[in-house]
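This report concerns only the one structure given below.
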């Protein structure tokens, strides 16, 4: 799927929720694949201070069955819009327009976000950069700032970054990630592939979803379908790790985390 525009869909303009699925395939040294239904939220960070939730089932920086908390992102202290715009300025990226954050919400207060995506646009609505923010199960986070030296990003264009952060004990800190983002009003897809240092395909993953307004009906649907969603994410991670361990996939101990919070690309 390719998209000729770099603009973020404009409707609905407020908080969104997207229902879709996660796919994950390991290709070496054994083939191991799984997929499961998922949902994520899309938060307009550029107008977060103006937002009001359409339902008590969803809270912004407050407790609720579904919620978004700025402390779960960035450096955990600075307001999200301030933090991301400072990171963009450090890389001389003019992204002075809308910023949308695609992420898993907290569900009944519990949160685990394997990866979140900050889509950063200029004033004309063109996507200039994407920050892929990765969390591991040790409570650490790291970002990969992806761009093409300030040029607008084509839908489906490949962006890459060297792996710098420990995520799985079954993958060394080496090789390169390849990212592709496809988006239109009825479907969003984020693809992340990992190749080894020798260029061998190791992992193929994706997160997809169909966005709609986050209101009482859509929030209730998410809670009824996936009442323990984020807890299920962490449970699935450990279950899949156990399956790889049983198949004797090589194990790598956790290294010291990188000294900087962000890896900047092109690199």
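Roughly how many nanometres apart are two label points built 7 Å out from the Cα toward the Cβ at residue 236 and residue 71? According to this spin-label approximation, the distance is 2.7 nm. Which label marks the calculated value of Rg and Dmax of the Cα atoms in Å, given the options [x] 23.4, 87; [y] 23.5, 77; [z] 17.8, 51? Checked against the structure: label [z]. Between region 119-188 and region 210-267, what is the C-alpha centre distance in whole Å? Value for the Cα centre distance between the two parts: 15 Å. On the basis of the beta-carbon distance and an R0 of 41 Å, residue 176 and residue 210 show a calculated FRET efficiency of 0.85.
Distance between the 7 Å Cα→Cβ label points at residue 61 and residue 149: 3.9 nm.
Our helix-only sum for the chain, with -39,500 (n - 2.57) per DSSP H run of n ≥ 4 divided by its residues, gives a mean residue ellipticity at 222 nm of -4500 deg cm²/dmol. For region 235-256, backbone nitrogen atoms closer than 19 Å to the point 7 Å from residue 200 Cα along Cα-to-C-beta are found at 244-253.
Note on residue 28 and residue 52: the model spin-label points, each 7 Å out from Cα along the C-beta direction, lie 5.6 nm apart. Sorted fewest first by neighbouring Cβ atoms within 10 angstrom, 34, 40 come out as 34, 40. Shown for 238, 166: other C-beta atoms within 10 Å of each C-beta, ranked fewest to most, produce the order 238, 166.
Taking a point 7 Å from the Cα of residue 21 along the Cα-to-Cβ direction, the residues of region 175-215 with backbone N closer than 12 Å to it are 206-209.
Put in line by how crowded their Cβ is, counting other Cβ atoms within 10 Å and starting with the fewest, 110, 177 read 110, 177.
Taken together, the values in this text are just the output of simple stated rules run on the coordinates, not laboratory data. Because the structure is predicted, anything quoted here is derived from the model rather than measured. A quick note on method: Cβ atoms are made from the backbone with ideal geometry, for glycine too, and the neighbour counts reach across all protein chains shown.
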